[in-house]
Amino acid sequence: MLLTSNGFYTDEIKRRFLDLLDADPHSLEAAIITTASPQKEQNRFAKKAASDFEKMGFRKVDWVDVESESPNDLLQKDVIYINGGNPFHLLEQVRKSGADRVLAELAQKDAVIVGVSAGAVLLGPDIRIVHHFTPQLNARSIEDFSALGLTDKRVFPHYDREDLFGDATGRTIEERIREFETIESCSVTRLNDNGYLVVET
């Protein structure tokens, strides 16, 4: 698994991703899960990912929205790219559709899974860090924050983007993460916009 803030944001991240593949990209198929963003496949980050896959030479790249399409479509893919957006909506739809079970099966089959922003948080044990920072995104009042648990790593994407996470009391992102770590007795991996984390399954 490759956990990122912005997907294939740098040449280094692209190289690291290609290192994870066990075959030539020309023989591989990828799927981009668009569910987290209201713009779906029109989301600019999703469109950039599709372009990146094509430039890498992938044989086929499909859009999959598990909110309206069967997650079983993912089972034939070699790479799954979970695009960012609203983590609460993504978690709800992944559970509702059964995509959680499909992604767990793919992880066991050694498919490469790329988590981007909300998608990276989804792959960890829970999304409580999101609730701590942006509870207003939880429009459906989800109470169970348990995520896929495909890694025990809790990540905080966009760690270097104070502009994205304004705080009424003026606390920095780091101060708020430390507060969360104390409350939850856990550790959080900070990911800058150009950062990434490789997790072997």
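Here are a few things to note about the model shown:
- The set of residues in region 23-48 being among the charged types (D, E, K, R) and either part of a strand (DSSP E or B) or touching a Gly at 6+ places or on another chain (Cβ under 6 Å) (or both) consists of GLU29 alone.
- Scanning region 28-59 for residues that are farther than 15 Å from ASN86 by Cα and of a type in the set (A, V, I, L, M) returns LEU28, ALA30, ALA31, ILE32, ALA49, ALA50, MET56.
- Considering only residues in region 97-131 that are more than 21 Å from THR189 (Cβ to Cβ) and of a type in the set (S, T, N, Q), the one that is least open to solvent (accessible area, probe 1.4 Å) turns out to be SER97.
- Pairs meeting the criteria (first residue in region 181-201 and part of a strand (DSSP E or B), second residue open to solvent by 70 Å² or more (accessible area, probe 1.4 Å), beta carbons under 9 Å, at least 6 apart or on different chains) are THR189/LYS153; ARG190/ASP160; TYR196/TYR9; TYR196/GLU12; TYR196/ARG16; LEU197/LYS153; VAL198/ARG16; VAL198/ASP19.
- Residue match in region 148-155 (condition: farther than 25 Å from PHE53 by Cβ, assigned to a helix (DSSP H, G or I) and without any contact (Cβ under 8 Å) to a residue 40 or more places away in the chain): no
- Considered as a group, the residues in region 132-167 that are out of contact with any Asp or Glu (no Cβ under 7 Å at 6 or more places or on another chain) and basic (Lys, Arg) include one that is surrounded by the most Cβ atoms within 10 Å (Cβ to Cβ), and that residue is ARG154.
The values are calculated or read from the model by the stated rules, or taken from the named source; none is laboratory data. From a predicted model like this one, the values you see are computed outputs, not experimental measurements. Cβ sites come from the backbone with ideal geometry, for glycine too, and all protein chains shown count toward neighbours. Only protein heavy atoms, including side chains, enter the accessible area calculation; ligands, DNA and RNA are left aside. Shrake-Rupley method; radii C 1.70, N 1.55, O 1.52, S 1.80 Å.
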